[in-house]
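So the structure is just underneath, and the comments pick up after that.
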Amino acid sequence: MKQVAILGGGPAGAYAAECLAGAGLRVILFDEKLAWEKPCGGGLTYKAYNNYPFLIENSTPKRFIRETAIAAPQAGEAVLKLEDPLVIYSRLDLNRMLLERAEAAGAQIEKARVLEMARGGAGWRLRTNAGSLEADFCIVATGARNPLREVGTQLSAGDAMSALGYYVEGDQARIDIEFAPTLRGYIWIFPRCGHLSVGICGKGEPASSLRQRLERFMTERGIRWKGASFYSHLLPSLDSASWRENRVSGEGWMAVGDAAGLVDPITGEGLYYAIRSADLAARTLLSETAEKVNQYRQLLRRDFAAELEFGSRLAQRVFRGRFLFDSVPVRMVQFSRRSPRFSAIMQDLFAGKQPYSSLKRRLLRNLNGSLYDMGMSLGFSRLVPRKAG
Ligand SMILES: Cc1cc2nc3c(=O)[nH]c(=O)nc-3n(C[C@H](O)[C@H](O)[C@H](O)COP(=O)(O)OP(=O)(O)OC[C@H]3O[C@@H](n4cnc5c(N)ncnc54)[C@H](O)[C@@H]3O)c2cc1C
């Protein structure tokens with residue numbers, strides 16, 4: 001392999017560049033902005049920093065969040081203590097740190113927009129706003145708004161959430177998550193480094209309607225949005241059928257991170273999957289196999305894509321389903337507040353320690369206990385005395 005070109009320098013592209021340059025390949029990375037404050041919470045779960053300790057063991061400014069409150073109308077809120085804190089970075093800082101690591105590993109970093117990629121002989125001819133280049137292999141890491149139509153996932157309306165919000169002054173120690181009737185998503189108040197991000201994501205609903213919901217929420221909470229800086233972006237959220245067809249690789253290229261649609265369809269977590277897919281793409285490229293296209297697809301599937309596909313089937317039930325004669329979000333809040341067992345399951349979901357595929361089994365195993373906890377907290381303990389001793 002003579003020259004690898006990486007298109008996009010967010011977390012996925014930067015980490016792919018670090019892995020490949022570190023293994024001795026000649027790597028050039030193009031990003032039109034280099035490090036920038038991409039609209040994003042910048043939150044890394046335990047799963048992310050446990051698998052990639054450099055994400056926490058560094059001197060880049062960060063903050064640790066140890067509490068999340070989930071709320072739903074008519075259910076109040078439940079506060080979850082996070083035994084494994086969420087680590088929050090400014091995206092400018094996180095991207096810069098990852099690009100610096102890539103450069104230190106030997107990658108050439110260029111500020112340029114890739115305008116076109118065309119097959120040329122056994123490799124590629126790339127045209128950027130700064131010139132042109134021949135490459136033997138391309139890693140596509142151009143994010144959810146991937147402008148290169150021939151490579152990576154092309155997100156249809158059914159495969160993406162709109163995400164929008166405001167950066168407002170203020171601070172709080174916890175993350176607030178609020179579910180709303182008929183919304184296939186949620187509203188958040190996210191404490192960041194130096195400000196709050198108050199936003200909403202939703203599927204199947206126009207951005208204008210999401211914005212109205214958000215502004216109503218902010219007004220009710222007394223959060224001023226007039227004059228605050230507004231952001232909006234796309235969040236991949238593939239439908240279950242789309243996972244099978246997902247275009248993650250082809251002759252001479254592999255897509256990583258958002259450009260391959262690799263985001264948790266329920267939580268919107270994408271940073272871990274950006275880093276992880278970059279890692280798997282690099283391993284595939286460095287391996288001896290000639291069958292790189294299929295090998296990468298299979299590695300992704302085995303590692304986490306099957307789990308995310310399962311999550312996409314679950315998402316509909318989480319946001320819009322019903323359980324015990326009320327909505328799932330309402331029940332989630334009530335159970336989290338009243339049942340320590342259920343609350344522990346929710347904490348593990350937030351930390352990325354509870355796979356969706358075994359969630360049902362764990363919920364059923366704990367259902368009797370959770371209902372018992374609920375009953376006791378509702379005052380049945382006065383009717384049903386605890387066992388002595
Ligand atoms: C509102 C919001 C909140 C989020 N919060 C979280 C969170 O708290 N935790 C979490 O885990 N995930 C979160 N996500 C998801 C997360 O932001 C993404 O999954 C993550 O950024 C994906 O990384 P990436 O490198 O694949 O893409 P990106 O970070 O989008 O990087 C793509 C890069 O490609 C560059 N680029 C694009 N086109 C070209 C081109 N033609 N030429 C050159 N460069 C180009 C861009 O400049 C950009 O730097 C959030 C997303 C949104 C929208």
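The values are calculated or read from the model by the stated rules, or taken from the named source; none is laboratory data. Nothing here was measured: the structure is a model prediction, and the numbers come from that model. Virtual Cβ from ideal backbone geometry, glycine too; neighbours counted across all protein chains shown. Protein only, heavy atoms only, side chains kept; ligands, DNA and RNA dropped before computing areas. Shrake-Rupley method; radii C 1.70, N 1.55, O 1.52, S 1.80 Å.
Let me check I've understood the local charge: for LYS2, count other residues with C-beta under 13 angstrom from its C-beta, Lys and Arg +1, Asp and Glu -1. What total comes out? Taking every other residue near LYS2 into account, the sum is -1. Were the residues from THR289 through TRP36 laid out at 0.36 nm apart, the gain over their Cα-Cα distance would be 87.5 nm. When the helices of the chain are scored as -39500 (n - 2.57) per DSSP H run of n ≥ 4 and the total is divided over every residue, the value at 222 nm lands at -10500 deg cm²/dmol.
What the pair-distance distribution of the chain shows, using all Cα-Cα distances binned every 10 Å from zero, is 5, 22, 31, 24, 12, 4, 1, 0, 0 percent.
Hull volume per residue, based on the alpha-carbon atoms of segment 157-236 and their convex hull, is 90 Å³. Towards the positive end of the charge dipole of segment 13-71, with charges on Cβ (+1 Lys, Arg; -1 Asp, Glu), say which of GLY22, LEU44, LEU34 has the farthest Cα. Toward the positive end, the furthest listed residue is LEU44. Overall, the accessible surface of segment 157-236 at a probe of 1.4 angstrom is composed of carbon and sulfur to the extent of 53 percent.
For GLU251 and GLN316, the FRET efficiency from 1/(1 + (r/R0)^6), where r spans their Cβ atoms and R0 equals 45 Å, is about 0.80. For the pair segment 1-67 and segment 241-307, the centres of their Cα atoms are 16 angstrom apart.
The residues of segment 99-214 expose, per residue, 45 Å² of accessible area to a 1.4 Å probe.
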